[in-house]
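Report on the structure given below.
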Amino acid sequence: MTEERSVLVATEANDVTADMVINHLNRRGVPVVRLNPADIGPDLTVSARFGDSPAPVAGQVRTRSRTADLERVGAVYWRRPVWPAFEHLQDADARFAAAQVRYGLGGTLYALQGCLWVNHPLRDAAADYKPAQLAVAHQMGFMVPPTLVTNDPDEARRFIREHGQVIHKTLRWTPYQREGIGLTSWAEPVHAEDLDDTVRVTPHLFQARVDKAADLRVLIVGRRVFAVRIDSDLLDWRKDYSALTYSVVDLPNRLEKTLLAYLDHFGLASGSFDLAVDREGEPHWLELNPNGQWGWLEEKTGLGMAAAFADLLTQRRS
């Protein structure tokens, strides 16, 4: 009998979305090892050998309760892992230790061969740059709202005057606190007179506003496509989930194929797309989140998203 392959789930301690997938895997009797890089030490141990076994990499990853043989990993679900910061160490020592974990534990996991990644973190990272996303989306025929990335305030003012209604979005979501209070950046309207010379400090993303009727969130898992229309009066629907209504929709065949091709371009097994639907029903590209949240959508719509992830993660397990 062939030994069953295990599934590694790399994520933070409290991840309800990962729990949904793990529950499906547990019901199927699939060996699951959940780990978080931040637990490195007594709670997480890695031992890997290279060059002295038939396998390219051999060894184990061990948590307090589970062990995964590296040669027998069938899939890795790279959800929301947290890397250790070593805050108890001096700055230089903390940077050194953090690098050793990323390139030791991370490098060992990245070296796994013959297993499915959902998604490989290096591919996630490559797909997570908004300017690259916009260029690929345009190349693939999506309607892309005119967008400017700049740290030149004069260019930004010129763009705003040219397009009239313009929004500002962050280029990358980053945990941010001010005086101990967590802050989140939304897509917000911006006017030429709002800008000053501080724009020069970093690049900013300015985008012509789509006159939208609704939003689309499309989750793709393997080759399965889950599309949900989100109706609200909000420019950025993330600001108030209580104001949203949801409906499951079928995408036009051409749009579905193009979204799948987009994931293939970046070598991703899964991704969450955001599109704006204009008054004529045409979709406009907004962005791809290679590892976006989807758990609440399953709860609101009943779509079998977690089961689809379990299907994908077990397709190569034996």
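Any idea which of 187, 213 is modelled with pLDDT of 95 or more and either among the aliphatic types (A, V, I, L, M) or not assigned by TED's automatic domain parsing to the domain that holds residue 286 (or both)?
213 is the lone residue from the list that is modelled with pLDDT of 95 or more and either among the aliphatic types (A, V, I, L, M) or not assigned by TED's automatic domain parsing to the domain that holds residue 286 (or both).
For residue 30, work out the one condition from (1) buried (at least 19 other Cβ atoms within 10 Å of the Cβ); (2) not in a loop (DSSP other than H, G, I, E, B) it doesn't fulfil.
Failing condition for residue 30: (2).
Do you know which residues across region 261-318 are surrounded by fewer than 22 Cβ atoms within 10 Å (Cβ to Cβ) and aromatic (Phe, Trp, Tyr)?
266, 296, listed by residue number.
May I ask you to say which residue of 235, 303 is touching a residue at least 60 places away in the same chain (Cβ under 8 Å), more than 25 Å from residue 141 (Cβ to Cβ) and either of a type in the set (Asp, Glu) or touching a Pro at 6+ places or on another chain (Cβ under 9 Å) (or both)?
235
Being of a type in the set (A, V, I, L, M, F, W, C) and in contact (Cβ under 8 Å) with a residue 60 or more places away in the chain is the filter here; which residues of region 16-43 pass it?
Correct list: 16, 18, 20, 21, 25, 30, 40.
When you go through 12, 87, 4 one by one, which is the residue that is assigned to a loop (DSSP other than H, G, I, E, B), under 22 Å from residue 298 (Cα atoms) and either over 20 Å from the mean Cα position of the chain (by Cα) or touching a residue at least 40 places away in the same chain (Cβ under 8 Å) (or both)?
Being assigned to a loop (DSSP other than H, G, I, E, B), under 22 Å from residue 298 (Cα atoms) and either over 20 Å from the mean Cα position of the chain (by Cα) or touching a residue at least 40 places away in the same chain (Cβ under 8 Å) (or both) holds for just one of 12, 87, 4, which is 12.
Could you look through region 185-211, keep only residues that are touching a Pro at 6+ places or on another chain (Cβ under 6 Å) and not in a helix (DSSP H, G or I), and pick out the one that is surrounded by the fewest Cβ atoms within 10 Å (Cβ to Cβ)?
Top of the filtered list is 195.
For region 216-258, which positions are β-branched (Val, Ile, Thr) and surrounded by fewer than 19 Cβ atoms within 10 Å (Cβ to Cβ)?
Listed by number, the residues that qualify are 225, 245, 248, 249, 258.
Taking helices (runs of 4 or more DSSP H) that fall entirely within region 95-174, which contain at least 3 residues that are of a type in the set (D, E, K, R) and either touching a Leu at 6+ places or on another chain (Cβ under 8 Å) or within 30 Å of residue 189 (Cα to Cα) (or both)?
153-163
Quick one: would you say residue 52 is modelled with pLDDT of 95 or more, more than 26 Å from the chain's Cα centre (by Cα), more than 28 Å from residue 15 (Cα to Cα) and of a type in the set (D, E, K, R)?
no
Go through (1) out of contact with any helix residue (DSSP H, G or I) (no Cβ under 9 Å at 6 or more places or on another chain); (2) on the phi > 0 side of the Ramachandran plot for residue 92 and report which single condition fails.
Among (1) out of contact with any helix residue (DSSP H, G or I) (no Cβ under 9 Å at 6 or more places or on another chain); (2) on the phi > 0 side of the Ramachandran plot, residue 92 violates only (2).
Check whether at least one residue in region 268-284 is within 26 Å of residue 81 (Cα to Cα) and not in a strand (DSSP E or B), and report yes or no.
yes
Go through region 222-270 and count every residue that is of a type in the set (Phe, Trp, Tyr) and over 23 Å from residue 122 (Cα atoms).
Of the residues in that region, 4 qualify.
Output the qualifying pairs, or none if there are none: Cβ atoms under 7 angstrom, residues six or more apart or on different chains, first residue in region 152-174 and closer than 20 Å to residue 236 by Cβ and not assigned by TED's automatic domain parsing to the domain that holds residue 291, second residue among the charged types (D, E, K, R) and surrounded by 11 or more Cβ atoms within 10 Å (Cβ to Cβ).
165/209; 166/209; 167/188; 167/209; 168/188; 171/130
The values are calculated or read from the model by the stated rules, or taken from the named source; none is laboratory data. All of these numbers come straight from a predicted model, not from anything done at the bench. Please note: Cβ atoms are built from the backbone with ideal geometry, for glycine as well, and neighbour counts cover all protein chains shown.
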